[in-house]
Amino acid sequence: MNDKFLESVMQLIKEVDEILAEKKLTKAEYSKKKEIAKALEKDEPNMPDDKKYAIATATAKRVAEQDEQSPDLNRELENYFTREDDEEEGRFDDASTEDLLNPDIPAPWEKK
């Protein structure tokens, strides 16, 4: 056979091996995997271990990946909703229950 062909086949095999190689879990991923596996064991005690750990590993990797992509998202959301809550605090205190339930009277947030 052609040496160039064999070389390209070997290179292709090497690339496929790199793609399929499984990276080691980080400490956070491993901890999450154990937590998920315990939950699966509790919910589905008859599930085979290989299936349980495959699900736990995939889920732990996905969760860790999401956490890496947006570490400040929860903080941003919390700040946004807290700010909105603070701005609206006490805004409708003067509205009575009867006024809110009366369809003929506009709701306080609909008044201009």
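The values are calculated or read from the model by the stated rules, or taken from the named source; none is laboratory data. Since the structure is predicted, the reported quantities are computational estimates derived from the model, not experimental observations. Because the Cβ atoms are built from the backbone with ideal geometry, glycine has one as well, and the counts that use them run over all protein chains shown.
Since residue 22 meets every condition but one in (1) in a helix (DSSP H, G or I); (2) farther than 30 Å from residue 108 by Cα; (3) at pLDDT below 80, which condition does it not meet?
Tallying (1) in a helix (DSSP H, G or I); (2) farther than 30 Å from residue 108 by Cα; (3) at pLDDT below 80, residue 22 fails exactly one: (1).
In the range 42-92, which residue that is at pLDDT 75 or above and loosely packed, with under 10 Cβ neighbours inside 10 Å is nearest to residue 26 (Cα to Cα)?
Step by step, filter the range 42-92, then rank; the result is 50.
Please go through the range 16-38 and pick out each residue that is over 15 Å from residue 63 (Cα atoms) and either surrounded by 10 or more Cβ atoms within 10 Å (Cβ to Cβ) or in contact (Cβ under 8 Å) with a residue 24 or more places away in the chain (or both). Working first, answer last.
Keep residues of the range 16-38 that are over 15 Å from residue 63 (Cα atoms), which gives 16-24, 38.
16, 38, listed by residue number.
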